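Undergrad: Once you've had a glance at the structure underneath, I'll fire off some questions.
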């Protein structure tokens, strides 16, 4: 649990990971958006994988959540 943000549960990481790996792009976008909007969740969302997503909007939001510059 040391690698989890304060107040987060292992189930949170699992649930966000499932969203990030979902077959529908808009579900993956939701996971990336949660990481962008809630800094405390960023460690729970696999942003590196989403930053290489086939869907451009998912990639863009994931990269923004990671803090990638243009």
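Undergrad: Would you pick out the residues in region 23-47 that are exposed (fewer than 14 other Cβ atoms within 10 Å of the Cβ) and not in a helix (DSSP H, G or I)?
TA: We begin by selecting, within region 23-47, every residue exposed (fewer than 14 other Cβ atoms within 10 Å of the Cβ); these are 23-24, 26, 37-40.
Once the filter is applied, which keeps residues that are exposed (fewer than 14 other Cβ atoms within 10 Å of the Cβ) and not in a helix (DSSP H, G or I), region 23-47 yields 23, 24, 38.
Undergrad: Do we have residue 60 as assigned to a helix (DSSP H, G or I) and either at pLDDT below 95 or exposed (fewer than 12 other Cβ atoms within 10 Å of the Cβ) (or both) here?
TA: On the way: assigned to a helix (DSSP H, G or I): yes; either at pLDDT below 95 or exposed (fewer than 12 other Cβ atoms within 10 Å of the Cβ) (or both): no.
So residue 60 fails the test.
Undergrad: Same structure again: Select from region 48-57 the residues that are assigned to a helix (DSSP H, G or I) and touching a residue at least 12 places away in the same chain (Cβ under 8 Å) and write down the one among them that is surrounded by the most Cβ atoms within 10 Å (Cβ to Cβ).
TA: Here is the first cut: in region 48-57, the ones assigned to a helix (DSSP H, G or I) are 48-50, 56-57.
Those left that are additionally touching a residue at least 12 places away in the same chain (Cβ under 8 Å): 48-50, 57.
On the way: 48: 10, 49: 14, 50: 24, 57: 14.
Checked region 48-57; the qualifying residue surrounded by the most Cβ atoms within 10 Å (Cβ to Cβ) is 50.
The values are calculated or read from the model by the stated rules, or taken from the named source; none is laboratory data. None of the values given here were measured: they were computed from a predicted structure. We place every Cβ from the backbone using ideal geometry, glycine too, and count neighbours over all the protein chains shown.
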